[in-house]
Amino acid sequence: MYKKNAFYNLKSVKKLFSYLYIDNLDFVNDYIVYIHKGRLIEESGKQLKKVQKRILKLLNYNISGMMPKYVYSKKGSSWIDNGLSHKDSIHFYKLDISKFYPSIGRERVFYFFYYKMKTSKDVANILADILSVDIKSLELNNDVLNLYNELKLSTNGKIKRNHLPTGAPTSAILSILVNLDMFYELNQVANLNGLIFSVYIDDLTFSSKYKIGNNIVSKINNIINKNKYNINKHKSKTLNNNRENILITGVVIKKQSNKITIKNKLSKNIYLYIKNKEQNKAIPINIEGMINTVKQISKKDYNRFNKYIS
C-alpha cells in the first residue's frame, strides 16, 4: 500500500526538505488557537499550512486510492458516499469517537512514518513535529486554556499535549492512516457478523438488515477503548429504521422505506433561496453547491428544486 509513496523508506532529511520545498523548520508549531461555536480550532499559520498541504498531496498520491473501501474520508469519496453505503439497512449502530483529533498524539504520527512508512527516525520526528501541535509551547488566552482543561477532564486525560491539530489540512487523512489497524479490526467484527461498516473521520457506522446485538456492540466498544479512545455516549446509539429516520453524515434514510432524502436544514436553505429569488433579494448562499449535493443524494429532491432554480 505504501511502497510507491514518496515518504516510503525515506531516510534522508535533506531529501525530505527537497520534497517539502523547505530549508529550515522555523515554521513548526505556528498555530492560531481560538474557540468557534464552542469548538477548539487550532489553525495552521501561513507557511506551516503551505508545507502541510504539500505533505497532504504527497500522502494522497498512491495511498488514498488504496485505502479500504469502508473508509470514506479520503480523496475520491465523500460524506454522501458514506451515508449511501447504508441505504438498504434497517438496524444501525452509530458510534462517535470523542475529541478524535486531540486524542491522536504525536507518537502515533511518528509510529506511522517510522514503522509503516519505514522512514528514518529523524525523518519521522520532523514529520511528526510538522503535523502535530504542541500546546504547552503556545501562548494561549484563559478561555482557550480553560477549554483544554475541560476537554482533558471529559476524556479522562486522553487529550494529548502534542496531537493532531483540528484546523490542519493533513489531520483528516492522518486520523485514518494512524488508525488503519483499529479500523481493520472493526471491519473484521462487521464481516463476521454480517454488518456493513463505514468510517468518516470520527463517525463510525455499523448497519444490517438484522438486529445488532449488545454482544456485538460490546466487541466494537472494546476495540475503541483498547486503542485508548473515548466513545461519545451522547452521540453513539443503536437505531431502528422501522421506528425513525436515520441520519448518517448528512444523508437521511427515511423511516420504514429505505428511501434517501436530504436534511431539513438543506431543504430550508434552498427554499429560502427560492423565496428570495422570487422577491429579487440577494442572499449569500452557494446554491450551486447545495443543488449538486441534493443531486448526489436524491434525484427526486433534485428534480423538485431544480425547476425553480434553473
List the pairs from LYS4/LYS94; LYS46/LYS226; LYS211/LYS268; LYS69/LYS299 whose alpha-carbon separation is above 26 Å, in the order I gave them.
LYS4/LYS94; LYS46/LYS226; LYS211/LYS268
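Dipole size in debye (nearest 20) for the range 1-84 around its Cα centre, Lys and Arg Cβ +1, Asp and Glu Cβ -1? Mind dumping the intermediate values first?
Details: 16 positive and 6 negative charges, 75 e Å.
So the dipole magnitude of the range 1-84 works out to roughly 360 debye.
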Farthest positive-ward along the chain dipole, Cα basis, beta-carbon charges - from ILE173, LEU140, ASN191:
ASN191
Projected onto the charge dipole of the range 10-107 (unit charges on the beta-carbon of Lys, Arg, Asp and Glu, signs +1, +1, -1, -1), the Cα from ILE41, MET67, TYR93 with the largest positive-side position is that of MET67
Please compute one quarter of the surface area of the Cα convex hull for the range 10-92 and express it in square nanometres.
8.7
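Beyond 24 Å, how much of the Cα-Cα pair distribution for the range 167-310 remains, as a whole percent? All intermediate terms of the calculation are to be shown ahead of the outcome.
On the way: 5025 of 10296 pairs.
Percent of Cα pairs beyond 24 Å in the range 167-310: 49.
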Taking Cα atoms, the helix 287-297 axis meets the longest principal axis of the chain at an angle in degrees (rounded to 10) of 80
Measuring from the longest principal axis of the C-alpha atoms of the chain, the long axis of helix 264-278 (C-alpha) lies at a number of degrees, nearest 10, equal to 70
As I understand it, the value is the acute angle between the Cα axis of helix 121-131 and the longest principal axis of the Cα atoms of the chain; what does it come to in degrees, rounded to 10?
40
At 1.4 Å probe size, with every protein chain present, just tell me what the per residue accessible area of the range 119-219 comes to in Å².
46
Can you compute the radius of gyration and Dmax for the chain, using only the Cα atoms, both in Å?
21.4, 63
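Looking only at the chain, where both bridge partners belong to it, what percent of the DSSP beta bridges are antiparallel (to the nearest 5)?
That works out to approximately 95 percent antiparallel.
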Taking the Cα centre of the chain as origin, work out the dipole magnitude from +1 charges on Lys and Arg Cβ and -1 charges on Asp and Glu Cβ, in debye rounded to 20.
1000
Can you sort HIS91, HIS36 by 1.4 Å-probe accessible area, starting with the largest?
HIS36, HIS91
For the range 23-96, which chymotrypsin sites (Phe, Trp or Tyr not before Pro) are both in a DSSP coil and crowded by at most 14 other Cβ atoms within 10 Å?
TYR61
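When the dipole is taken about the Cα centre of the range 85-179, and only Lys, Arg (+1) and Asp, Glu (-1) are charged at their Cβ, what size is it in debye, to the nearest 20? Please report the intermediate quantities before stating the final value.
Working: 13 positive and 9 negative charges, 71 e Å.
Taking the Cα centre of the range 85-179 as origin, the dipole is about 340 debye.
Of the accessible area of the chain, with the probe set at 1.4 angstrom, what percent is carbon plus sulfur? Each step should come with its number before you reach the end.
Working: 8150 of 16940 Å².
Within the chain, the accessible surface is 48 percent carbon and sulfur.
Please work out the FRET efficiency for the pair TYR61 and ILE41, using the Cβ-Cβ distance as r and a Förster radius of 22 Å; give the result to the nearest 0.05.
Details: r = 28 Å, r/R0 = 1.27.
The value I calculate is 0.20.
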Residue-averaged 222 nm ellipticity for the chain, from DSSP H runs of 4+ at -39500 (n - 2.57), nearest 500:
-12500 deg cm²/dmol
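The values are calculated or read from the model by the stated rules, or taken from the named source; none is laboratory data. It should be emphasised that the depicted structure is a prediction, and the values quoted were computed from it without experimental measurement. In this analysis, Cβ positions are derived from the backbone assuming ideal geometry, glycine residues included, and neighbour counts consider all displayed protein chains. With ligands, DNA and RNA removed, areas are computed over all heavy atoms of the protein, side chains included. Shrake-Rupley method; radii C 1.70, N 1.55, O 1.52, S 1.80 Å.
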